[in-house]
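Down below is the structure, laid out as C-alpha coordinates.
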Amino acid sequence: MTRTEKTVPLCRRRHRFSSGSLSPEKPSQRACFTEEKPMASAEDHMRRCIELARMAQQNGDTPVGSLIVRAGQVIAEGIESVKTRMDVSAHAEIEAIRKACSTLKSLDLRGCVLYTTAEPCWMCSYAIRQTNIGTVVMGASVPSVGGVTSRHPILADPAASLNSKPPRVVASSLRAQCESLRQKRKPSEARRDR
(Lines give C-alpha, C1' and ligand atoms only; values in the text may rest on other atoms or scores of the structure.)
Protein backbone atom coordinates (compact mmCIF):
# COMPACT_ATOMS: atom_id res chain seq x y z
CA MET A 1 0.00 0.00 0.00
CA THR A 2 1.25 3.46 -0.82
CA ARG A 3 0.00 6.81 0.35
CA THR A 4 -1.12 9.44 -2.11
CA GLU A 5 -2.18 12.97 -1.31
CA LYS A 6 -5.08 14.71 -3.00
CA THR A 7 -6.12 18.31 -2.61
CA VAL A 8 -9.84 18.96 -2.59
CA PRO A 9 -11.98 22.07 -2.11
CA LEU A 10 -13.87 22.49 1.15
CA CYS A 11 -17.36 22.36 -0.28
CA ARG A 12 -20.12 19.84 -0.63
CA ARG A 13 -20.18 19.73 -4.43
CA ARG A 14 -19.09 16.56 -6.16
CA HIS A 15 -15.92 16.96 -8.18
CA ARG A 16 -14.30 14.80 -10.78
CA PHE A 17 -10.56 14.72 -10.31
CA SER A 18 -7.64 13.83 -12.50
CA SER A 19 -4.06 14.09 -11.39
CA GLY A 20 -3.16 17.75 -11.00
CA SER A 21 -6.39 19.06 -12.53
CA LEU A 22 -7.80 20.77 -9.46
CA SER A 23 -6.73 24.33 -8.79
CA PRO A 24 -9.17 26.20 -6.57
CA GLU A 25 -9.05 29.98 -6.77
CA LYS A 26 -7.92 30.49 -3.16
CA PRO A 27 -5.40 28.27 -1.33
CA SER A 28 -7.50 28.63 1.83
CA GLN A 29 -10.28 26.69 0.10
CA ARG A 30 -8.14 23.55 -0.02
CA ALA A 31 -7.94 20.67 2.42
CA CYS A 32 -5.37 17.92 2.27
CA PHE A 33 -6.05 14.31 3.14
CA THR A 34 -4.23 11.02 2.68
CA GLU A 35 -5.92 8.10 1.04
CA GLU A 36 -4.69 4.50 1.13
CA LYS A 37 -4.55 2.94 -2.34
CA PRO A 38 -2.77 -0.22 -3.43
CA MET A 39 -0.37 0.31 -6.32
CA ALA A 40 -0.70 -2.32 -9.00
CA SER A 41 2.49 -3.96 -10.21
CA ALA A 42 3.69 -4.35 -13.79
CA GLU A 43 2.61 -8.00 -13.57
CA ASP A 44 -0.89 -6.97 -12.47
CA HIS A 45 -1.13 -4.63 -15.44
CA MET A 46 0.01 -7.35 -17.84
CA ARG A 47 -2.48 -9.81 -16.33
CA ARG A 48 -5.22 -7.27 -17.08
CA CYS A 49 -3.91 -7.02 -20.67
CA ILE A 50 -4.17 -10.81 -20.94
CA GLU A 51 -7.80 -10.62 -19.74
CA LEU A 52 -8.50 -7.96 -22.38
CA ALA A 53 -6.83 -10.14 -25.03
CA ARG A 54 -9.10 -13.04 -24.11
CA MET A 55 -12.10 -10.75 -24.49
CA ALA A 56 -10.90 -9.81 -27.98
CA GLN A 57 -10.49 -13.48 -28.83
CA GLN A 58 -14.03 -14.25 -27.60
CA ASN A 59 -15.27 -11.50 -29.92
CA GLY A 60 -13.53 -13.18 -32.87
CA ASP A 61 -10.56 -10.81 -33.03
CA THR A 62 -6.84 -11.42 -32.66
CA PRO A 63 -6.06 -11.81 -28.93
CA VAL A 64 -4.35 -8.52 -28.08
CA GLY A 65 -5.04 -6.38 -25.03
CA SER A 66 -3.45 -3.11 -24.03
CA LEU A 67 -3.64 -0.51 -21.29
CA ILE A 68 -2.03 2.80 -20.42
CA VAL A 69 -0.90 3.72 -16.92
CA ARG A 70 0.02 7.15 -15.58
CA ALA A 71 1.27 7.74 -12.03
CA GLY A 72 0.35 4.16 -11.11
CA GLN A 73 -3.27 4.51 -12.27
CA VAL A 74 -4.83 2.85 -15.33
CA ILE A 75 -6.21 5.67 -17.49
CA ALA A 76 -7.18 3.68 -20.60
CA GLU A 77 -7.71 0.16 -21.88
CA GLY A 78 -7.99 -1.22 -25.39
CA ILE A 79 -8.86 -4.53 -26.97
CA GLU A 80 -8.21 -5.61 -30.52
CA SER A 81 -11.45 -5.00 -32.42
CA VAL A 82 -10.47 -4.93 -36.10
CA LYS A 83 -13.05 -7.55 -37.15
CA THR A 84 -15.71 -6.51 -34.65
CA ARG A 85 -15.69 -2.87 -35.76
CA MET A 86 -14.57 -3.51 -39.36
CA ASP A 87 -11.79 -0.96 -38.78
CA VAL A 88 -8.20 -1.86 -39.70
CA SER A 89 -6.89 0.75 -37.26
CA ALA A 90 -8.72 -0.71 -34.25
CA HIS A 91 -5.63 -2.35 -32.74
CA ALA A 92 -5.60 -2.64 -28.96
CA GLU A 93 -2.76 -0.13 -28.58
CA ILE A 94 -4.45 2.45 -30.82
CA GLU A 95 -7.72 2.04 -28.91
CA ALA A 96 -5.92 2.58 -25.59
CA ILE A 97 -4.06 5.63 -26.95
CA ARG A 98 -7.31 7.17 -28.24
CA LYS A 99 -8.97 6.73 -24.86
CA ALA A 100 -5.94 8.05 -22.94
CA CYS A 101 -5.76 11.16 -25.14
CA SER A 102 -9.47 11.72 -24.64
CA THR A 103 -9.23 11.20 -20.86
CA LEU A 104 -6.27 13.55 -20.48
CA LYS A 105 -7.52 15.93 -23.19
CA SER A 106 -4.03 15.92 -24.69
CA LEU A 107 -2.07 14.26 -27.46
CA ASP A 108 1.00 14.33 -25.24
CA LEU A 109 1.19 11.17 -23.13
CA ARG A 110 4.58 11.83 -21.53
CA GLY A 111 4.93 10.00 -18.25
CA CYS A 112 2.64 7.19 -19.40
CA VAL A 113 3.45 3.50 -19.68
CA LEU A 114 1.77 1.34 -22.33
CA TYR A 115 1.34 -2.37 -21.56
CA THR A 116 0.44 -4.75 -24.38
CA THR A 117 0.29 -8.51 -24.89
CA ALA A 118 1.86 -8.30 -28.37
CA GLU A 119 4.68 -6.22 -29.79
CA PRO A 120 3.19 -3.05 -31.29
CA CYS A 121 3.01 -3.14 -35.09
CA TRP A 122 4.36 -0.33 -37.28
CA MET A 123 1.11 1.66 -37.12
CA CYS A 124 0.88 1.37 -33.33
CA SER A 125 4.59 2.13 -32.97
CA TYR A 126 4.14 5.35 -34.92
CA ALA A 127 1.22 6.38 -32.67
CA ILE A 128 3.26 5.58 -29.55
CA ARG A 129 6.14 7.74 -30.78
CA GLN A 130 3.84 10.61 -31.83
CA THR A 131 2.18 10.73 -28.40
CA ASN A 132 5.52 10.59 -26.51
CA ILE A 133 4.71 7.50 -24.43
CA GLY A 134 7.85 6.96 -22.36
CA THR A 135 7.79 3.20 -21.72
CA VAL A 136 6.31 0.20 -23.51
CA VAL A 137 5.99 -3.15 -21.73
CA MET A 138 5.29 -5.85 -24.30
CA GLY A 139 4.48 -9.53 -24.22
CA ALA A 140 4.89 -11.66 -27.35
CA SER A 141 7.26 -10.58 -30.13
CA VAL A 142 5.88 -10.18 -33.63
CA PRO A 143 9.03 -10.18 -35.84
CA SER A 144 7.11 -9.89 -39.13
CA VAL A 145 5.53 -6.47 -38.37
CA GLY A 146 6.76 -5.49 -34.91
CA GLY A 147 8.03 -2.03 -34.16
CA VAL A 148 11.06 -3.43 -32.31
CA THR A 149 12.03 -6.83 -33.73
CA SER A 150 11.17 -6.46 -37.42
CA ARG A 151 13.45 -5.07 -40.10
CA HIS A 152 11.61 -1.73 -39.67
CA PRO A 153 12.05 -0.98 -35.93
CA ILE A 154 10.00 2.24 -35.90
CA LEU A 155 9.45 2.06 -32.15
CA ALA A 156 13.10 1.59 -31.21
CA ASP A 157 15.02 3.44 -33.92
CA PRO A 158 16.38 6.78 -32.65
CA ALA A 159 17.19 7.77 -36.25
CA ALA A 160 13.51 7.60 -37.28
CA SER A 161 12.47 11.20 -37.84
CA LEU A 162 9.31 11.19 -35.73
CA ASN A 163 9.99 14.32 -33.66
CA SER A 164 10.27 12.24 -30.49
CA LYS A 165 12.79 9.94 -28.93
CA PRO A 166 12.08 6.21 -28.76
CA PRO A 167 10.37 4.91 -25.62
CA ARG A 168 12.07 2.50 -23.27
CA VAL A 169 10.94 -1.01 -24.31
CA VAL A 170 10.65 -3.70 -21.64
CA ALA A 171 9.91 -7.40 -22.11
CA SER A 172 7.17 -8.56 -19.75
CA SER A 173 7.79 -11.25 -17.17
CA LEU A 174 4.51 -12.80 -18.44
CA ARG A 175 5.85 -13.13 -21.98
CA ALA A 176 5.20 -16.91 -22.08
CA GLN A 177 1.51 -16.40 -21.24
CA CYS A 178 1.22 -13.73 -23.94
CA GLU A 179 2.84 -16.01 -26.50
CA SER A 180 0.49 -18.87 -25.56
CA LEU A 181 -2.48 -16.60 -26.42
CA ARG A 182 -1.12 -16.28 -29.95
CA GLN A 183 -0.60 -20.04 -30.24
CA LYS A 184 -4.20 -20.82 -29.24
CA ARG A 185 -5.60 -19.02 -32.28
CA LYS A 186 -7.55 -20.76 -35.01
CA PRO A 187 -5.40 -22.07 -37.89
CA SER A 188 -6.80 -19.40 -40.26
CA GLU A 189 -5.86 -16.63 -37.79
CA ALA A 190 -2.42 -18.06 -37.01
CA ARG A 191 -1.31 -17.42 -40.60
CA ARG A 192 -1.90 -13.70 -40.20
CA ASP A 193 0.99 -11.57 -39.03
CA ARG A 194 -0.66 -10.06 -36.00
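The values are calculated or read from the model by the stated rules, or taken from the named source; none is laboratory data. Here the structure is a predicted model, which means the values were calculated and not measured. Cβ: placed from backbone, ideal geometry, glycine included. Neighbour counts: every protein chain shown. With ligands, DNA and RNA removed, areas are computed over all heavy atoms of the protein, side chains included. Shrake-Rupley method; radii C 1.70, N 1.55, O 1.52, S 1.80 Å.
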Check: What ³J(HN,Hα) values, in whole Hz, does the Karplus curve 6.51 cos²θ - 1.76 cosθ + 1.60 give for region 103-117 when θ = phi - 60°, with x put for Gly and Pro?
Finding: 4, 8, 6, 7, 8, 9, 9, 4, x, 9, 10, 9, 10, 8, 6
Margin query: Around Leu67, under 15 Å between beta carbons, what's the net of Lys plus Arg minus Asp minus Glu among the other residues?
Written below: -1
Notebook entry, point to check: If Lys and Arg each add +1 and Asp and Glu each add -1, what is the summed charge of the other residues whose beta carbon sits under 14 Å from the beta carbon of Asn132?
Noted result: +4
Margin query: Please list, in order along region 85-100, the HN-Hα scalar couplings obtained from phi with the Karplus expression 6.51 cos²θ - 1.76 cosθ + 1.60 (θ = phi - 60°), rounded to whole Hz, x for Gly and Pro.
Written below: 9, 6, 9, 5, 8, 7, 6, 4, 5, 5, 4, 5, 5, 4, 5, 5
Check: Taking amide hydrogens as modeled 1.01 Å from N in the peptide plane, which residues meet the under 5 Å criterion relative to Ala118, leaving out close sequence neighbours?
Finding: Gly65, Gly139, Ala140
Checklist line | Compactness of region 72-181 as Cα Rg over 2.2 N^0.38 Å, two decimals | finding: 1.00
Margin query: What are the ³J(HN,Hα) couplings of region 118-125, residue after residue, when phi is run through the Karplus curve with 6.51, -1.76, 1.60 and θ = phi - 60°? Round to Hz, x for glycine and proline.
Written below: 10, 4, x, 6, 4, 4, 5, 4
Item checked: Estimated distance in nm for a label pair at Ser164 and Trp122, the labels positioned 7 Å out from Cα along Cα-to-Cβ -> 1.9 nm
Next item on the list: Could you pull the accessible area for Glu80 with a 1.4 Å probe, rounded to 10 Å²?
Entry: 10 Å²
